[in-house]
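Heads up, the thing below is written out as structure tokens.
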Amino acid sequence: MSENETIQSVLAAVTTGRKNVRRNPVTDALILSALQAGHSLDIAPILAGCSKSAFRLWRNADPVFARRCAEARRQGLESVARARAAITMPMSA
């Protein structure tokens, strides 16, 4: 499958709600991007068009992917914390 076909397959899955997407670089990138944006481990795979159980299996089977997900999640949480802190900071006079 070409990269273009892979992208089209993932986009079709996301737009139709299909959850049987196979793991590929595009799906990995979508998941990591969602985690870096602050989405939870439950929401990130859904945004990438795969099921939560498939995502869990992929992380359990691939320690490198699991570490990348953990790092992306950490970055996302830090980003959300910074955004919340900026909102609650009093404005300078």
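The values are calculated or read from the model by the stated rules, or taken from the named source; none is laboratory data. This is a predicted model, so every value here is computed, not measured. Here the Cβ is made from the backbone with ideal geometry for all residues, glycine too, and neighbour counts use every protein chain on show. With ligands, DNA and RNA removed, areas are computed over all heavy atoms of the protein, side chains included. Shrake-Rupley method; radii C 1.70, N 1.55, O 1.52, S 1.80 Å.
PHE55: accessible area at probe 1.4 Å, nearest 10 Å²? Near enough 0 Å² of accessible area.
Rounded to the nearest 10 square angstrom, SER53 shows an accessible area of 60 square angstrom against a 1.4 Å probe. Label positions at SER33 and ARG74, each projected 7 Å from the Cα along the C-beta direction, are separated by 2.3 nm.
Out of the total accessible area of segment 32-93 (probe 1.4 Å, heavy atoms of protein only), what percent is carbon and sulfur? Its accessible area is 60 percent carbon and sulfur atoms. The smallest convex shape that holds all Cα atoms of segment 23-78, its convex hull, gives 59 Å³ per residue.
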